[in-house]
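The values are calculated or read from the model by the stated rules, or taken from the named source; none is laboratory data. Computed from a prediction, not measured in an experiment: that's the story for all the values here. Every residue, glycine among them, receives a Cβ derived from its backbone with ideal geometry; neighbour counts consider all protein chains shown.
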């Protein structure tokens with residue numbers, strides 16, 4: 001069941017976690033591995049309470065890629081193209097068959113997806129958010145959730161970015177304006 005607080009993990013996909021795909025530099029690969037380990041530990045505790053996590057993934061295809069987006073990506077292949085190795089969830093992430101998966105085509109996980117339907121149908125008012133990249137898709141989703149009146153906690157040890165400085169600045173902005181930032185070990189999951 002999806003229940004308060006809902007755990008939402010955003011774009012923990014091979015494209016953004018594996019240096020071989022060109023997004024994350026080799027120097028940050030270890031940090032991302034640690035973040036995925038932290039997410040898996042939280043997922044285990046979360047599932048033990050009977051809750052189902054929500055995994056968000058991005059898929060870029062020609063139907064959802066406008067000239068504006070093409071200008072940013074150039075003539076190369078789109079990241080997380082349908083069926084590509086990069087579009088798959090990172091193999092280290094504990095995604096299960098009965099988990100909720102939301103597919104998006106933009107940075108914000110609410111834009112054009114069923115995420116809000118899942119949350120409102122289950123009377124969710126609080127979100128625990130983690131994922132890749134803190135300064136892009138995670139922050140975009142957090143801002144959108146804040147505008148929808150959700151109480152948000154971003155999990156500092158379950159988020160990462162290709163740029164560690166941008167990651168830290170994003171966490172500071174989120175903590176100052178849009179929600180709170182905490183380590184996943186600080187999160188109590190007893191309340192239902």
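Just a few scattered comments:
- Checking each residue in region 161-180 for being crowded, with 22+ Cβ neighbours inside 10 Å and farther than 22 Å from residue 19 by Cβ picks out only 174.
- Residue among 36, 32 that alone is touching a helix residue (DSSP H, G or I) at 6+ places or on another chain (Cβ under 6 Å), buried (at least 16 other Cβ atoms within 10 Å of the Cβ) and either part of a helix (DSSP H, G or I) or modelled with pLDDT of 95 or more (or both): 32
- Selection within region 7-27 - touching a residue at least 60 places away in the same chain (Cβ under 8 Å), surrounded by fewer than 24 Cβ atoms within 10 Å (Cβ to Cβ) and outside any helix (DSSP H, G or I): 18, 23, 24, 25
- Failed item, numbered, when residue 158 is tested on (1) in contact (Cβ under 8 Å) with a residue 40 or more places away in the chain; (2) closer than 16 Å to residue 56 by Cα; (3) surrounded by fewer than 22 Cβ atoms within 10 Å (Cβ to Cβ): (3)
- Contact map, region 67-93: first residue at positive phi, second residue at pLDDT 75 or above, Cβ cut-off under 7 Å, separation 6 or more or different chains; pairs are 80/13; 80/15; 80/58; 80/59; 80/60; 80/86; 80/87.
- Within region 140-155, if we keep just the residues that are more than 11 Å from the chain's Cα centre (by Cα) and assigned to a helix (DSSP H, G or I), the residue that is surrounded by the fewest Cβ atoms within 10 Å (Cβ to Cβ) turns out to be 147.
For every residue, the table says whether it meets (1) touching a helix residue (DSSP H, G or I) at 6+ places or on another chain (Cβ under 8 Å); (2) surrounded by fewer than 12 Cβ atoms within 10 Å (Cβ to Cβ); (3) outside any loop (DSSP other than H, G, I, E, B); (4) at pLDDT 95 or above.
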{"site": "40", "(1), (2), (3), (4)": "no, no, yes, yes"}
{"site": "61", "(1), (2), (3), (4)": "no, no, no, no"}
{"site": "64", "(1), (2), (3), (4)": "no, no, no, no"}
{"site": "69", "(1), (2), (3), (4)": "no, no, yes, no"}
{"site": "72", "(1), (2), (3), (4)": "no, yes, yes, no"}
{"site": "81", "(1), (2), (3), (4)": "yes, no, no, no"}
{"site": "111", "(1), (2), (3), (4)": "yes, no, no, yes"}
{"site": "116", "(1), (2), (3), (4)": "no, no, yes, yes"}
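- Restricting 130, 30, 112 to residues that are under 29 Å from residue 149 (Cα atoms) and free of Cβ contacts under 8 Å to residues at least 24 places away in the same chain narrows the list to 112.
- So residue 137, is it under 16 Å from residue 55 (Cα atoms) and surrounded by fewer than 24 Cβ atoms within 10 Å (Cβ to Cβ): yes
- Residue match in region 89-105 (condition: surrounded by fewer than 14 Cβ atoms within 10 Å (Cβ to Cβ) and assigned to a helix (DSSP H, G or I)): no
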